[in-house]
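The values are calculated or read from the model by the stated rules, or taken from the named source; none is laboratory data. These numbers were taken from a predicted model, which means no experiment stands behind them. With ideal geometry, Cβ positions are generated from the backbone for all residues, glycine too; neighbour counts draw on all protein chains shown. With ligands, DNA and RNA removed, areas are computed over all heavy atoms of the protein, side chains included. Shrake-Rupley method; radii C 1.70, N 1.55, O 1.52, S 1.80 Å.
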Amino acid sequence: MPRSSLAALAVAALAALASAGAGAAAPAVSFSRDIVPVLRGNCATCHLTGQEAGQMKLHPGGAYASLVKVASVESPLQRVAPGAPDKSYLMHKLDGTHLDAGGSGERMPFGQPPLDDATRELLRRWIAAGAANN
């Protein structure tokens, strides 16, 4: 086989592999495996008993019940609206767009740097997929 044909074949094979990998879906986000550690490490220190600002328990045993399908006390939105990250006040608080969503207060986590893009995207994917308690 001529050298130019081998090179063309190699390029075609690499392109096929790249497009196959690009179509692979991201793994499903798990509340217990992926979301709870984010809440534990960034939120539960201040939102522990539900008596603190926002009236949420964000420790592992109380977080789901305090977030999913629960009306925000700061905005007209639900804290987490399953399937709708853009309508979830949690994402607005983390993205710093909470005032535009009719909310109040400070961007979260309070007094800390914003969560990185990858962490916020993980939360966004969990909400978009229905915010399952898995």
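Given 115, 123, which one is surrounded by 14 or more Cβ atoms within 10 Å (Cβ to Cβ), touching a residue at least 40 places away in the same chain (Cβ under 8 Å) and in a loop (DSSP other than H, G, I, E, B)? Spell out the reasoning first.
Details: 123 fails: in a loop (DSSP other than H, G, I, E, B).
Checking each option against the conditions leaves just 115.
Test residue 99 against the stated conditions and say whether it is open to solvent by 60 Å² or more (accessible area, probe 1.4 Å) and either hydroxyl-bearing (Ser, Thr, Tyr) or at pLDDT 95 or above (or both). For residue 99, the condition - open to solvent by 60 Å² or more (accessible area, probe 1.4 Å) and either hydroxyl-bearing (Ser, Thr, Tyr) or at pLDDT 95 or above (or both) - is met. Being among the hydroxyl-bearing types (Ser, Thr, Tyr), more than 19 Å from residue 107 (Cβ to Cβ), open to solvent by 60 Å² or more (accessible area, probe 1.4 Å) and more than 18 Å from the chain's Cα centre (by Cα) is a description that does not apply to residue 45. Here region 3-27 is the region considered, the condition is being open to solvent by less than 80 Å² (accessible area, probe 1.4 Å) and modelled with pLDDT of 50 or more, and the residue that is farthest from residue 134 (Cα to Cα) is 23.
The selection criterion, being under 15 Å from residue 130 (Cβ atoms) and of a type in the set (Gly, Ala, Ser), does not hold for residue 72.
Residues in region 29-42 that are closer than 17 Å to residue 109 by Cα and touching a Phe, Trp or Tyr at 6+ places or on another chain (Cβ under 8 Å): 35 only.
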